[in-house]
């Protein structure tokens, strides 16, 4: 709730009244009450739920809708000045054909200044092209021609940086599912180098932001070299500079939206260095935006990482049951993109584990089966094994012996093909399940406990949902009775 409360607190009185009136006029009385309670009464979430007579799921849904309404209103207010400028650019030909030369030049120069303030290079090329034509018989023609060429080249550089950013996170998804091999590691490093080279072409805050989105993520999750880190600009300083850019260009719609990405990177940065108190300052904000992060931001970051971090956080805080409760509200109207296999796989696995943590094993199995039926994981054999093993555990817990034995035989064949030495933790996990379902009754608890202790020695590195299942005494007792 932190993000929503903070936004509401910072609304101007005029904006607050306009949103409140709009909600009442659209018969959204509960949303209006929620807005009023957070703005005027400063009530706790529990108190608001009590007064509205709604459960946790309904409250998350209500909060999500209010957040969306506020953001739509703020975006509409923010876009108006930019829309006016873009409208003027679209009318340049009308100016050239209907106005006297002196008036046309004065108008274009004023428009040039406004476009420079908004850093709209693509539109500036149209202005410089027109000014170049108007000065074809004057010495200024060369200057405008140079400005035109410069902004065309800069626009292409920004487009290239955006393409490289999207390609990087597409490859990172494959990298995390494939078990992080040397080839994909090299591909990511080369994309990072190419992005750095493109960014070095211009002194550009926009290129700096795109470069930072890639560079920070890369340093946290790909190239973890402590000696190299000592020579580079501190990540905290990069995040601070990006935030300064966002604060300065308040009317830039790209930066308005990319704030979600930067808050996510701040969260991951503090998680990485185990500064959990600082990480909590950004957790609620990112958590509230998780559906949007998956839907709209996979070109700028890797959203699946947040769900992994979320599970790890709740494991650490012993609050795993909270995830299931809030999921319906957080993922209201959300449809995972099956073509984006890495993020889709992590999303479905997260939903399955959320069910598992509250002992809804049949629902957990449905999520994993839905995943296996919606995408082919043949390109990612290790990830495929992870999913199968989690599903096999669910089958153990719902006593579906036929499906379990069918699946565990397939898993064992796949482990033999890949090589036991390449998937040690998966082999240990499969042994736990085999012991659980064996006919021998003697020392089952002790055998599973010993294997579970061995499983704890492995470090979570890529997509490893099997390592996100805590083998506590309760689970071991249930499996030992199998």
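The values are calculated or read from the model by the stated rules, or taken from the named source; none is laboratory data. All values reported here derive from a predicted model rather than from experimental measurement. Every residue, glycine as well, gets a Cβ built from its backbone with ideal geometry; the counts of neighbours run over all protein chains shown.
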Kindly list, by first and then second residue, each pair from a residue in the range 370-385 that is over 19 Å from residue 427 (Cα atoms) and outside the structural domain of residue 428 (by TED's automatic domain parsing) to a residue that is modelled with pLDDT under 95 and part of a loop (DSSP other than H, G, I, E, B), limited to pairs with Cβ atoms under 7 Å and residues at least 6 apart or on different chains. none
For the range 457-482, how many residues are without any contact (Cβ under 8 Å) to a residue 60 or more places away in the chain and surrounded by 12 or more Cβ atoms within 10 Å (Cβ to Cβ)? 7
Tell me whether the range 333-340 contains one or more residues that are within 25 Å of residue 192 (Cα to Cα) and touching a residue at least 12 places away in the same chain (Cβ under 8 Å). yes
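Let me confirm something: among 408, 398, 432, which residue is within 20 Å of residue 357 (Cα to Cα), surrounded by fewer than 20 Cβ atoms within 10 Å (Cβ to Cβ), under 36 Å from the mean Cα position of the chain (by Cα) and in the same structural domain as residue 347 (by TED's automatic domain parsing)?
None of the others qualify; the one that does is 398.
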Report whether or not residue 6 is modelled with pLDDT under 80 and part of a helix (DSSP H, G or I). yes
Out of (1) surrounded by fewer than 20 Cβ atoms within 10 Å (Cβ to Cβ); (2) closer than 24 Å to residue 413 by Cβ; (3) under 20 Å from the mean Cα position of the chain (by Cα), the odd one out for residue 369 is which? (3)
Candidate set from the range 173-187 (those that are part of a helix (DSSP H, G or I) and in contact with a helix residue (DSSP H, G or I) (Cβ under 6 Å, 6 or more places away or on another chain)); member that is farthest from residue 387 (Cα to Cα): 187
With respect to residue 40, determine if the residue is assigned by TED's automatic domain parsing to the domain that holds residue 131, modelled with pLDDT of 85 or more and more than 24 Å from residue 282 (Cβ to Cβ). no
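Using the structure shown, decide if residue 403 is farther than 30 Å from residue 166 by Cα, free of Cβ contacts under 8 Å to residues at least 24 places away in the same chain, more than 25 Å from the chain's Cα centre (by Cα) and surrounded by 15 or more Cβ atoms within 10 Å (Cβ to Cβ).
On the way: farther than 30 Å from residue 166 by Cα: yes; free of Cβ contacts under 8 Å to residues at least 24 places away in the same chain: yes; more than 25 Å from the chain's Cα centre (by Cα): yes; surrounded by 15 or more Cβ atoms within 10 Å (Cβ to Cβ): yes.
Yes; evaluated as a whole, the condition is true for this residue.
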Take residues that are under 33 Å from the mean Cα position of the chain (by Cα) and crowded, with 18+ Cβ neighbours inside 10 Å and tell me which of the helices (runs of 4 or more DSSP H) falling wholly in the range 67-147 contain 1 or more. 101-118, 121-134
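Quick one: would you say residue 203 is on the phi < 0 side of the Ramachandran plot, in the same structural domain as residue 178 (by TED's automatic domain parsing) and part of a loop (DSSP other than H, G, I, E, B)?
For residue 203, the condition - on the phi < 0 side of the Ramachandran plot, in the same structural domain as residue 178 (by TED's automatic domain parsing) and part of a loop (DSSP other than H, G, I, E, B) - is met.
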Among the candidates 183, 192, residue that is closer than 30 Å to residue 338 by Cα and either at pLDDT 95 or above or surrounded by 17 or more Cβ atoms within 10 Å (Cβ to Cβ) (or both): 192
Selection from the range 289-304 of residues assigned to a helix (DSSP H, G or I), in contact (Cβ under 8 Å) with a residue 40 or more places away in the chain and crowded, with 22+ Cβ neighbours inside 10 Å yields 290, 294, 304
